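Below: the structure, in structure tokens.
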Amino acid sequence: MTFEEICGQDSAADTSDRMPSAGSALEELLVSARKQDCLTVGVYESAKVMNVDPDSVAFCVLATDEEFECDIALQIHFTLIQAFCFDNDINIVRVNDIARLGDIVGSDEAGNPKDAHCLLVTNPDIASWKDPAVETLTLFCEESRSVYDWVPTVTLPER
């Protein structure tokens, strides 16, 4: 066993202990961002925002479930989005419950569920909106990266 494996095991246990708070913080952030109109929903919509104004992106969420794990096109999009986020110092997490994310982001004008595979939380034009959930998630991401978990998985609280 290597030193990294030993340290990684201790840190991984700490990360799993913080998972419930990270999940609650993520849900809080997404609900708040939706209310403030600072939430971009969808892979293509997110790519457009990142292309036009990457500095406006505060946080990224990638979601999938067993149904979409074999979708090669989606995995390619995820790889490109992750690379972009890493290059632009945007914190990013994965969620394995796309149905739960769909409940949080709602549906479009026609009542159809939105494509919740990629969500971006953007900084609003007003500087007064500072969500403490962003700080919680940023700390969670930093600690995960310290144990070489570059895109940590967050579990949303059940309803």
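Can you pull out the residues in the range 103-116 that are on the phi < 0 side of the Ramachandran plot and open to solvent by 20 Å² or more (accessible area, probe 1.4 Å)? Steps first, please.
Of all residues in the range 103-116, those on the phi < 0 side of the Ramachandran plot come to 103-105, 107-110, 112-116.
If the condition is that a residue be on the phi < 0 side of the Ramachandran plot and open to solvent by 20 Å² or more (accessible area, probe 1.4 Å), then Asp103, Ser107, Asp108, Glu109, Ala110, Asn112, Pro113, Lys114, Asp115 are the ones that fit.
In the range 30-53, how many residues are assigned to a helix (DSSP H, G or I) and of a type outside the set (Val, Ile, Thr)?
Residues flagged as assigned to a helix (DSSP H, G or I) and of a type outside the set (Val, Ile, Thr) within the range 30-53 amount to 12.
Would you confirm whether or not the range 68-77 contains a residue that is out of contact with any helix residue (DSSP H, G or I) (no Cβ under 8 Å at 6 or more places or on another chain) and under 25 Å from Ala133 (Cβ atoms)?
No, the range 68-77 contains no residue that is out of contact with any helix residue (DSSP H, G or I) (no Cβ under 8 Å at 6 or more places or on another chain) and under 25 Å from Ala133 (Cβ atoms).
Just give me the residues in the range 40-71 being under 17 Å from Ile98 (Cβ atoms), among the hydrophobic types (A, V, I, L, M, F, W, C) and without any contact (Cβ under 8 Å) to a residue 40 or more places away in the chain, in sequence order.
Just the residues of the range 40-71 that are under 17 Å from Ile98 (Cβ atoms), to begin with: 40-46, 60-71.
Next cut, among the hydrophobic types (A, V, I, L, M, F, W, C) only: 41, 43, 60-63, 68, 70.
Residue satisfying the conditions is Cys70 alone.
Filter the range 56-80 down to the residues that are open to solvent by less than 10 Å² (accessible area, probe 1.4 Å) and more than 18 Å from Asn123 (Cβ to Cβ) and list them by number. Full working, then the answer.
Narrowing the range 56-80 to residues open to solvent by less than 10 Å² (accessible area, probe 1.4 Å): 59-64, 78.
If the condition is that a residue be open to solvent by less than 10 Å² (accessible area, probe 1.4 Å) and more than 18 Å from Asn123 (Cβ to Cβ), then Leu62, Ala63, Thr64, Phe78 are the ones that fit.
The values are calculated or read from the model by the stated rules, or taken from the named source; none is laboratory data. It should be emphasised that the depicted structure is a prediction, and the values quoted were computed from it without experimental measurement. Cβ coordinates were reconstructed from backbone atoms using ideal geometry, including for glycine residues, and neighbour counts include every protein chain displayed. Protein only, heavy atoms only, side chains kept; ligands, DNA and RNA dropped before computing areas. Shrake-Rupley method; radii C 1.70, N 1.55, O 1.52, S 1.80 Å.
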